[in-house]
Amino acid sequence: MDASVSEIANITWTQNVLHLLATTLHLTSYLYPEQALIYDGDVFDYVIVGAGSAGCVIANRLTEDPTSRVLLVEAGGDPPIESHLPGLMPYMKQSAEDWNYTSIYDGYSQQGHTPPISDIPRGKMLGGCSSINYMYYVRGNPYDYDNWAKITNDNTWSYNNVLPYFIKSERLQDPNIWNTPSAAFHGSEGYLGVTKQYEKRTNKYLQAFSELGYNIVLDTNGNYTLGFTEPLLTVANGYRQSTATTFLSPIKNRSNLYVLKHTMVTKINFDEHNNAVSIEAIKENKEKITIGVNKEIIVSAGAINSPQLLMLSGIGPRKHLEDLGINVIADLPVGENLQNHISGISTYALEKISERPKNPHKYPQPTVMGFATVNNLQTYPDYQSVNLIVDSDYLLENCAFTNYFKKEICDTFYKQAKGREVMISQTVVLHPKSRGRILLQSINPYVYPEIYTGYFSDASDLENLASYIERINRVTTTNYFQDVNATFLIPPDCASNEPDSEEFWRCYALCMGMPMNHYIGTCAMGSVVDGRLKVFGVQRLRVVDGSVIPNMTSGNTNVPIIMVAEKAADFIKAGN
Ligand SMILES: Cc1cc2nc3c(=O)[nH]c(=O)nc-3n(C[C@H](O)[C@H](O)[C@H](O)COP(=O)(O)OP(=O)(O)OC[C@H]3O[C@@H](n4cnc5c(N)ncnc54)[C@H](O)[C@@H]3O)c2cc1C
């Protein structure tokens with residue numbers, strides 16, 4: 001059997017065993033709020049749909065007021081043990097806790113993958129994607145937020161006004177950063193534990209990027225946002241810091257917090273004045289319930305499910321809704337403006353190494369991360385470089401399973417890299433111009449929406465990706481890479497192109513193109529919600545999650561979304 005095929009079979013087998021353990025032993029249930037006893041017709045002050053990165057934060061902050069009764073409804077259940085242990089992170093994708101979406105085939109952008117469509121993992125459990133993600137703590141650049149302020153015409157989103165909210169949620173545990181001027185940008189009292197995992201073996205790679213002229217910095221979330229570093233992680237004391245473990249577990253016994261798990265919200269109902277008045281939901285036992293709300297409904301179902309729920313409830317593009325026979329409450333561009341970072345993977349086989357022991361509490365892929373510009377005068381990055389320093393077995397798993405590249409590619413790479421240290425380098429176009437959209441396929445809430453990713457629909461994204469990968473590939477000229485006779489691994493699809501030619505890099509970028517998991521923009525501020533995240537054209541309804549972000553931030557999206565939720569909770573409490 002091919003190495004990649006047997007690797008996928010091994011992972012699937014392990015996932016099945018882990019799932020059996022989770023469903024029989026419920027090892028993690030004690031950490032989370034118990035299932036609330038909720039009956040048809042119950043009424044709450046606030047109902048939050050979705051307990052993901054954003055939803056858990058809002059539930060925490062709104063229940064700080066003991067007079068507010070808050071219901072948090074989540075389609076999934078408690079995160080299993082493999083979500084808690086950073087070392088088991090690779091087993092989360094395509095598990096029972098993943099919505100496991102895929103994109104509509106576009107015939108172009110996913111050529112190196114099997115099947116040639118995007119895998120779209122999304123966490124379906126308390127914590128949502130923060131319980132399944134790769135745990136990089138990245139805030140983005142001041143430029144991003146000043147841009148949001150312009151789009152919304154609301155200065156509350158400027159960098160200076162969002163910075164206190166990043167600080168509020170954070171509990172940084174890195175003594176080195178605390179001893180630098182960067183400390184002024186960090187928080188020590190928040191719920192979210194943040195650490196760095198220092199690894200000796202990353203030093204030679206930092207040195208290599210330094211030789212190429214990139215600055216080596218301690219922190220890219222503080223006063224310097226450009227340069228290469230070992231990234232901060234949402235890992236503390238050996239455990240993942242999802243918003244479920246950090247914002248929900250500590251308040252699980254608050255008497256005004258009600259958490260309804262394994263329950264799918266299917267519709268929001270409005271009265272004749274377009275006030276959101278109740279939700280409809282289906283419980284695990286298939287019972288249909290309607291829950292009333294006194295104050296507000298907050299939709300935090302994520303960038304795929306929030307637009308789906310809004311459209312099912314009559315908020316969306318008129319023609320699309322009418323075609324499906326849905327009564328239109330507000331004609332808004334819900335589902336449009338879908339954005340994600342697109343990246344390309346380049347892989348290098350380096351010195352011979354012996355097998356390294358695995359520790360489930362340790363982050364499994366020591367990383368060197370950089371943010372860089374093409375024009376040295378620019379203050380925000382054009383591309384991100386995420387370099388995983390791993391062994392060849394990890395390469396195989398990452399190539400065949402996590403990144404679902406074709407077996408011809410993964411087997412070729414594995415053969416050349418076996419027994420050697422490997423750098424898997426992911427180069428990310430931080431400000432892509434391509435846009436996709438989400439459409440309903442059916443009025444049945446259980447039928448997945450159609451996801452058109454639109455990757456490379458703006459040709460400049462592919463050109464930029466190819467040129468950024470080529471820049472990073474110059475690492476092969478540095479001392480360490482030369483000393484160990486590093487091999488740049490080339491997929492069979494591009495082997496016949498003249499090395500280093502424009503055609504080669506375009507082929508490479510297309511073949512090794514890999515979507516990140518940073519879906520945003522489908523209920524964007526400025527077009528679907530206002531600067532206070534209230535849905536235009538109706539009352540008592542807000543969206544608070546990745547879908548409201550109007551433009552990609554310069555990096556990963558979990559922490560920006562937590563910041564948005566912190567801010568939204570203050571809007572709600574202040575009656576804004
Ligand atoms: C594999 C992966 C790796 C990633 N790595 C990183 C990283 O390293 N760093 C980083 O910053 N970001 C990362 N991200 C991105 C980041 O985690 C997400 O952008 C972020 O968590 C999304 O938050 P959200 O609140 O918008 O949605 P989610 O966290 O997805 O929350 C939505 C919640 O709503 C629930 N839900 C949906 N529909 C319904 C419904 N109808 N009824 C009830 N409940 C519903 C879902 O089950 C889910 O729990 C990664 C994402 C993935 C998937």
The range 167-222: chymotrypsin sites (Phe, Trp or Tyr not before Pro) falling in loop per DSSP and having at most 11 other Cβ within 10 Å: Y198
For the chain, average projected area of the Cα convex hull in nm²: 24.8 nm²
Helix 142-152 axis, angle to the chain major axis (alpha carbon atoms, nearest 10°): 40 degrees
Whole-Å distance, taken between Cα centres, linking the range 409-472 and the range 316-353: 13 Å
Using distinct alpha-carbon pairs, which all enter the 1/r mean, Kirkwood radius of the range 81-164 in Å: 15.7 Å
Calculated SAXS-style log₁₀ I(q)/I(0) at q = 0.15 Å⁻¹ - the range 240-346, Debye, Cα scatterers: -0.83
Rg/Rh (Cα only; Kirkwood hydrodynamic radius) as it applies to the range 411-551: 1.12
Stretchable slack from D323 to S496, in nm (0.36 nm times residue separation minus alpha-carbon distance): 57.5 nm
Ordering of 278-288, 73-83, 234-244 by burial proxy (mean other Cβ atoms within 10 Å per residue, highest first): 73-83, 234-244, 278-288
Cα extents of the range 96-246 along the three principal axes, largest first (Å): 49, 43, 35
Normalised contact order of the range 333-492, rounded percent, pairs of Cα under 8 Å and 6 or more residues apart: 33 percent
Folded to 0 to 90 degrees: helix 407-417 orientation relative to the chain principal axis, Cα: 50 degrees
Part-to-part distance (alpha-carbon centres) for the range 42-63 and the range 6-21, which is given in Å: 33 Å
Degrees, to the nearest 10: 558-573 long Cα axis against longest axis of the chain: 20 degrees
Links that overshoot a 21 Å alpha carbon limit, given the list K124/K261; K267/K433; K150/K567; K196/K358; K534/K567: K267/K433
Euclidean distance of C-alpha centroids, the range 76-122 and the range 247-290, integer Å: 26 Å
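Computed from the coordinates by the stated procedures, all read-outs in this text should not be read as laboratory data. The shown structure was predicted, so the numbers you read here are calculated from the model rather than taken from an experiment. Reconstructed Cβ throughout: ideal geometry from the backbone, glycine too, with neighbour counts over all protein chains shown.
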